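Below is one structure, written out as structure tokens, with a few remarks after it.
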Amino acid sequence: MIGLRKDFLVASPIINQVNDFFDTKLEKRVKGKIHEIVLENYQSLDFNKNKINSEINKKLKKGTIYAVTGDNGSGKTTLVEAILGYTDRFVGKIKINNLEDVFEDMVYISSNPVISDFLDDFDSNLSYGQKKLKQILLSIKTDKTVYLFDEPTNFLDVYYKNEVLNCIIKLNKEKKIIVLITHDKQFIRSLEQLNLDINFIIFDI
């Protein structure tokens, strides 16, 4: 019984996330290009509907990189899920093109590389860094306006971090809206040294 309880406690956060996803009514996606995203008095909520960060007011514009920083559990990933329309665990407003709707014109790149086995050139022997870079390169090919990255450089060596950096630079030159959830301060400094337009969204608990 003790072992079962321990397993349940470990798995319960994942179970909550799955239940939260299926309890959320997925809105119909709006077609058309995104011009801006506005966060008005935004606060993420935990699974008990408690507010877990200070209010955020920010306008996300084309050609700007937004570094989302803060402690683990401060609501960063929930913000991305809310923008994508995958959760309603937030208060405040998220307006896209002045509408409180969910748009198709976005791509989410998860922290763990997910590549379909059905790709013609898929190689199961790829290293973690190769898979991560391939995931990003495939995502860029979609040619959307908004790119939401969750920890794009975690567990990568210097070579692959530079490759990811080049991808971000490319998207920035194309005037995309780039949102980066990251704890990688060195990566942020590398972006700043290139004099790119970087804004910070700081999650304070």
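What to note about this one:
Matching residues to (1) modelled with pLDDT under 95; (2) among the charged types (D, E, K, R):
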{"site": "Val38", "(1), (2)": "no, no"}
{"site": "Asn48", "(1), (2)": "yes, no"}
{"site": "Glu55", "(1), (2)": "no, yes"}
{"site": "Lys62", "(1), (2)": "no, yes"}
{"site": "Val107", "(1), (2)": "yes, no"}
{"site": "Asn112", "(1), (2)": "yes, no"}
{"site": "Gln130", "(1), (2)": "yes, no"}
{"site": "Leu138", "(1), (2)": "yes, no"}
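- Residues that are within 12 Å of Leu39 (Cβ to Cβ) and touching a helix residue (DSSP H, G or I) at 6+ places or on another chain (Cβ under 8 Å) within region 72-95 comprise Phe90, Ile94, listed in sequence order.
- Restricting region 167-183 to residues that are part of a helix (DSSP H, G or I) and over 18 Å from Ser110 (Cα atoms), the residue that is farthest from the chain's Cα centre (by Cα): Lys173
- Count of region 87-108 residues which are part of a loop (DSSP other than H, G, I, E, B) and surrounded by fewer than 17 Cβ atoms within 10 Å (Cβ to Cβ): 6
- Condition broken by Ile96, with the remaining ones in (1) at pLDDT 95 or above; (2) more than 16 Å from Lys28 (Cβ to Cβ); (3) hydrophobic (A, V, I, L, M, F, W, C) satisfied: (2)
The values are calculated or read from the model by the stated rules, or taken from the named source; none is laboratory data. Just so you know, these numbers come straight off a predicted model, no measurement behind them. Here the Cβ is made from the backbone with ideal geometry for all residues, glycine too, and neighbour counts use every protein chain on show.
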